[in-house]
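The values are calculated or read from the model by the stated rules, or taken from the named source; none is laboratory data. Worth saying up front: this structure is predicted, and the values here are computed from it rather than measured. Note that each Cβ is placed from the backbone with ideal geometry, even for glycine, and that neighbours are counted across all protein chains shown.
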Amino acid sequence: MAATFSIAPVGAFSDNYIWVLSQDARAVAVDPGDAAPLLRHLESEKLALEAILITHHHADHCGGLTELLQVWPDTPVYGPAGIPGISHPVREGDVIALGMGQASVLEVPGHTLDHLAYLIEDALFCGDTLFAAGCGRVFEGTPGQMLASLKKLARLPPQTKVYPAHEYTLSNLRFALAADQHNPILAMRLSRDSALRQRGLPTLPSTIALETASNPFLRSGEPALRKTLEPRGGKSGDSEEACFARLREWKNDFR
């Protein structure tokens with residue numbers, strides 16, 4: 001079902017997006033790492049903060065909670081257990097009733113062990129797990145966990161819109177072109193998204209269909225990517241998990 005609410009990106013720090021869903025003067029904020037830009041947006045758009053969704057415990061995703069709750073003290077905060085300010089811990093399979101619809105909770109560990117994603121109608125808010133043309137670093141989990149989480153998201157309907165928490169698209173595309181250089185979609189994406197950034201516009205949302213066709217981390221077992229990994233110690237018989245791990249290590253050091 002197509003989303004019946006508006007979704008706006010509110011920039012924070014150097015490259016974060018706080019996603020703000022709004023309908024009938026009510027708003028839901030996803031990953032408010034910084035309260036100030038969100039509060040300015042709510043005031044300028046005359047929106048009341050109905051709920052907050054947190055994907056994981058890194059400060060650039062939840063650091064604004066204390067200040068926000070001073071202004072909106074009764075606002076429910078949904079997210080992983082153990083994060084200060086979370087009033088409603090949620091986990092895989094939970095469904096959050098919001099005024100503008102229902103949010104289904106998905107556990108997607110890898111970047112962190114507590115990482116969640118939220119699916120609201122056809123909009124996926126995936127924090128630092130899936131990026132446009134990339135994925136998050138594996139900080140706390142294992143490559144196998146991250147690969148499984150990405151596969152879970154890749155199984156969502158192709159038309160699902162993907163709203164990551166960072167504007168990393170151009171750097172991700174440059175790496176994707178190095179790893180999957182014969183994929184014709186990547187050059188198109190780089191041209192289109194470079195033009196968007198030159199105009200100061202977000203490259204997001206992406207879609208599950210676009211990511212499964214061109215994101216190297218969703219294609220890590222493909223023969224073309226296996227071939228690219230051979231100079232980096234990859235072998236034709238490597239498991240998909242091993243290929244994914246090599247690909248992620250390469251991206252960690254890519255400049």
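Results for (1) of a type outside the set (A, V, I, L, M); (2) out of contact with any Ser or Thr (no Cβ under 9 Å at 6 or more places or on another chain); (3) at pLDDT below 95, shown as yes or no for each residue.
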{"site": "G127", "(1), (2), (3)": "yes, no, no"}
{"site": "A133", "(1), (2), (3)": "no, no, no"}
{"site": "T142", "(1), (2), (3)": "yes, yes, no"}
{"site": "Q145", "(1), (2), (3)": "yes, yes, no"}
{"site": "R155", "(1), (2), (3)": "yes, yes, no"}
{"site": "P158", "(1), (2), (3)": "yes, no, no"}
{"site": "L170", "(1), (2), (3)": "no, no, no"}
{"site": "N183", "(1), (2), (3)": "yes, no, no"}
- Message: Of everything in the stretch 189-204, what is crowded, with 19+ Cβ neighbours inside 10 Å and outside any helix (DSSP H, G or I)? Give them in sequence order.
- Response: T203, L204
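Check the stretch 76-90 and report whether any residue there is hydroxyl-bearing (S, T, Y), farther than 30 Å from L170 by Cβ, surrounded by 19 or more Cβ atoms within 10 Å (Cβ to Cβ) and touching a Leu at 6+ places or on another chain (Cβ under 7 Å). Before you say what the answer is, go through the steps one by one.
Kept after step one, since they are hydroxyl-bearing (S, T, Y), are these residues of the stretch 76-90: 78, 87.
Of the ones still in play, those that are also farther than 30 Å from L170 by Cβ are 78, 87.
Filter once more, keeping what is surrounded by 19 or more Cβ atoms within 10 Å (Cβ to Cβ): 78.
Still in the list and also touching a Leu at 6+ places or on another chain (Cβ under 7 Å): 78.
Yes, the stretch 76-90 has at least one match.
Restrict the check to the stretch 54-62 and report whether at least one residue is modelled with pLDDT of 95 or more, of a type in the set (V, I, T), closer than 20 Å to Y163 by Cβ and not in a strand (DSSP E or B). Steps first, please.
Initial filter on the stretch 54-62 (modelled with pLDDT of 95 or more): 54-62.
In the following step, the residues that additionally are of a type in the set (V, I, T) were identified as 54-55.
Right, trim to closer than 20 Å to Y163 by Cβ and you get 54-55.
Cutting the leftovers down to not in a strand (DSSP E or B) gives us 54-55.
Yes, the stretch 54-62 contains a residue that is modelled with pLDDT of 95 or more, of a type in the set (V, I, T), closer than 20 Å to Y163 by Cβ and not in a strand (DSSP E or B).
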- Residues of the stretch 104-131 being in contact (Cβ under 8 Å) with a residue 40 or more places away in the chain, touching a Lys or Arg at 6+ places or on another chain (Cβ under 8 Å) and of a type in the set (V, I, T), which ones? V108
- Can you tell me which residue within the stretch 211-255, out of those that are among the basic types (K, R) and assigned to a loop (DSSP other than H, G, I, E, B), is surrounded by the most Cβ atoms within 10 Å (Cβ to Cβ)? R219
- Query: Pick from E67, E43: which is more than 24 Å from L119 (Cβ to Cβ), out of contact with any helix residue (DSSP H, G or I) (no Cβ under 8 Å at 6 or more places or on another chain) and free of Cβ contacts under 8 Å to residues at least 40 places away in the same chain?
  - Reply: E43
- Item | Odd one out for H57 among (1) surrounded by fewer than 21 Cβ atoms within 10 Å (Cβ to Cβ); (2) over 16 Å from A117 (Cα atoms) | (2)
- Item | Candidates G134, G101 - the one that is surrounded by 17 or more Cβ atoms within 10 Å (Cβ to Cβ) and either under 20 Å from R219 (Cβ atoms) or without any contact (Cβ under 8 Å) to a residue 12 or more places away in the chain (or both) | G134
- Can you tell me which residues in the stretch 1-28 are aliphatic (A, V, I, L, M), farther than 21 Å from G136 by Cα and surrounded by 13 or more Cβ atoms within 10 Å (Cβ to Cβ)? A3, I7, A8, V20, L21, A27, V28
- When you look at A36, is it among the small types (G, A, S), surrounded by 15 or more Cβ atoms within 10 Å (Cβ to Cβ) and either over 15 Å from the mean Cα position of the chain (by Cα) or over 20 Å from P164 (Cα atoms) (or both), yes or no? no
- Could you give every pair whose Cβ atoms fall below 6 Å, whose first residue belongs to the stretch 152-163 and is in contact (Cβ under 8 Å) with a residue 60 or more places away in the chain and within 18 Å of T4 (Cβ to Cβ), and whose second residue is outside any helix (DSSP H, G or I) and among the β-branched types (V, I, T), counting only separations of at least 6 or pairs across chains? K161/T207
